[in-house]
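A short worksheet on the structure shown next.
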Amino acid sequence: MGKIAVVTDSLANIPAELVERYHIHVIPILVMFGHETFRDGVDITPREFYRRLRESDELPTTAVPSMEEFVELYRRVGQEAEGIVSIHLSSKLSATVEVAGAAAKVLSELPIHVIDTRTAAMAQGFIVLEAARAAARGASLEEVVERARWMMPRVYIFAVLDTLEYLHRGGRIGRAAALMGSMLRIKPILYVAEDGVVDVLEKPRTKARAVRRILEIAEEKVGSKPVHMAVVHADALEEAERLRDEVASRFDCAELYVTDFTPVMGTHTGPGVLGLAFWTEEGGRKSS
């Protein structure tokens with residue numbers, strides 16, 4: 001472990017081998033089916049979650065880790081690190097950042113920087129990865145924080161919903177909630193806007209068309225530049241693998257992963273989600 005430790009939450013969806021390689025500490029978000037509580041990625045796998053989601057008459061609920069859980073994690077990590085950079089999903093989607101910040105104040109003797117990425121899923125994961133890589137190179141606390149903040153305007157995530165059923169059944173994801181009144185047979189493309197809110201980009205009529213549009217959008221933003229990319233999916237592995245192959249043939253990928261779409265967000269979007277998270281060294285959603 002480097003002298004600076006990196007912490008994130010399970011919504012980052014970073015592949016397990018990368019979590020291990022870069023000594024990233026992941027605090028799980030909680031998922032509840034009735035009276036049963038599961039730690040995301042620890043007590044329940046994405047595959048098991050989506051199986052239960054399809055079979056359940058009642059929607060699961062989610063909860064952030066407690067402040068005490070954050071304090072316990074920070075204390076344990078702080079025994080081997082000089083400082084901690086704690087990087088989390090958008091505060092517009094969860095109270096995780098708020099709880100992490102409160103825990104950091106309890107441990108005033110330990111330098112802890114809490115960062116609101118204003119994004120989620122593997123877009124968040126790429127920010128965490130770059131911070132962890134900087135820490136592994138021996139970067140200082142300020143340098144790791146700077147790398148994470150440098151990344152924030154550069155990451156994109158676009159995903160298509162396979163069904164509106166779960167939004168209609170009670171999901172609320174930012175401005176995408178406006179789709180709840182729609183009775184159209186559409187496959188909306190969602191994205192995380194600059195302010196950290198999930199919004200609707202377009203409303204194609206078919207999933208195939210939506211995926212094509214996501215690829216076109218990625219090509220517009222990436223061009224010929226090397227790109228770091230991940231295919232995200234919610235229990236749609238075969239589709240994800242086909243999309244990965246398409247991505248590999250179209251783009252100059254510096255790295256390319258297939259990752260499970262977080263069950264916590266899947267509670268609201270349902271299974272079948274398919275999308276892309278990516279970033280390039282140049283460009284971005286807005287100026288740094």
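Read-outs throughout are calculated quantities, based only on the coordinates presented, and are distinct from any laboratory measurement. Just so it is clear, the model here is predicted, and its values are computed rather than measured. Here the Cβ positions follow ideal geometry from the backbone for every residue, glycine too, while neighbour counts run over all protein chains shown.
In the chain, helical runs assigned H by DSSP with n ≥ 4 each contribute -39500 (n - 2.57); averaged across all residues and rounded to the nearest 500, the mean residue ellipticity at 222 nm is -11000 deg cm²/dmol. Extending 7 Å from the Cα toward the beta-carbon at both residue 220 and residue 45 defines two label points whose distance is 3.8 nm. Here the chain carries DSSP beta bridges of which approximately 55% are antiparallel, counting only pairs with both residues inside.
Treating cross-link reach as a plain straight distance, find the lysines whose alpha-carbon is under 23 Å from the alpha-carbon of residue 105, omitting any fewer than eight places away in the same chain. Cα-Cα hits under 23 Å: 3, 92.
Going by a ≥ b ≥ c, the root eigenvalues of the Cα gyration tensor, does the chain fall in the rounded group (a/c under 1.5), the prolate group (a/b larger than b/c) or the oblate group? The shape class here is oblate. Its Cα gyration tensor gives region 4-153 an equivalent ellipsoid, and the semi-axes of that ellipsoid, as √(5λ) in whole Å with the largest first, are 27, 16, 14. Under the criterion of Cα pairs below 8 Å and six or more residues apart, the relative contact order for the chain equals 22 percent.
Straight-line cross-link partners of residue 207 among the lysines, defined as a Cα under 16 Å from its Cα and at least 8 positions apart when in the same chain: 187. Angle, helix 96-106 long axis vs. longest principal axis of the chain, Cα atoms, 0 to 90°, nearest 10? Taking the Cα atoms of the chain, the angle to 96-106 is about 10 degrees.
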